[in-house]
Every structure is written in C-alpha cells, then in structure tokens.
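The values are calculated or read from the model by the stated rules, or taken from the named source; none is laboratory data. Every value quoted in this text rests on a predicted model; they were computed, and no experiment measured them. Ideal geometry is used to build each Cβ from the backbone, glycine not excepted, and the neighbour counts take in all protein chains shown. Only protein heavy atoms, including side chains, enter the accessible area calculation; ligands, DNA and RNA are left aside. Shrake-Rupley method; radii C 1.70, N 1.55, O 1.52, S 1.80 Å.
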Amino acid sequence: MGNMKIIAKELGYDHRYLSSLLKEHLNTTFRAFLNEYRVAHAKHLLISRTDIIANIAYECGYESVVSFNRNFKSITGITPSDFRAKYSKN
C-alpha cells in the first residue's frame, strides 16, 4: 500500500495531482499521511489485541519492526510497547 503511484492509479488520478491535493488540503506528504494512518491503526491493534508487536507492525504495512518503532515513537512520543502498557486493558 505504500506506493503513491499505485494508489493514485486505483483512484483514477495522476500521482502528482494526488500529491498536490494532500499538500494543499492536509498540509502533508503522502509518506507522512501513510505513516499517520498506519500508526493510528497500530494503536488500535495494540490496545485491542495481544499479538506480538512484530505481527502488528507487519499487519500495518511496515516491512521492519525497526522502522515501525521509529515511526510510532516519532508520531506518538512513546514506543509501541510503552503505549500498549499504558493504554491496554489486557
């Protein structure tokens, strides 16, 4: 899901046009938008399931746990394991 050209084609838009829409209306890049979306989904999974963090990272579209942890902490300010410990009811 990470390729802007594929997504733009699926939506019937040129990738440059879709990129300019994201920048104009959401003031973000495709990569930043995608990471925000993935981390939001990961937050939900971290508090609702007991899967290991690596499985959640892969399910959210990350190819490595290192990049998942880095992006998660950059966006939320805490690591995925700290987030789970703080917010999970499990």
Quiz prompt | Residue list for the stretch 40-83, restricted to those being farther than 26 Å from Asn3 by Cα, in contact (Cβ under 8 Å) with a residue 24 or more places away in the chain and either aliphatic (A, V, I, L, M) or open to solvent by less than 50 Å² (accessible area, probe 1.4 Å) (or both) | solution = Ile47, Phe83
Self-check item: Test: Asn27 is without any contact (Cβ under 8 Å) to a residue 12 or more places away in the chain and of a type in the set (S, T, N, Q)
Solution: yes
Quiz item: within 14 Å of the chain's Cα centre (by Cα) and open to solvent by less than 90 Å² (accessible area, probe 1.4 Å) - does that describe any residue in the stretch 10-29?
Solution: yes
Exercise. Being of a type in the set (Val, Ile, Thr) and either touching a strand residue (DSSP E or B) at 6+ places or on another chain (Cβ under 6 Å) or part of a helix (DSSP H, G or I) (or both) is the filter here, so list the residues in the stretch 32-90 that pass it.
Key: Val39, Ile47, Ile53, Ile56, Val65, Val66, Ile75, Thr76
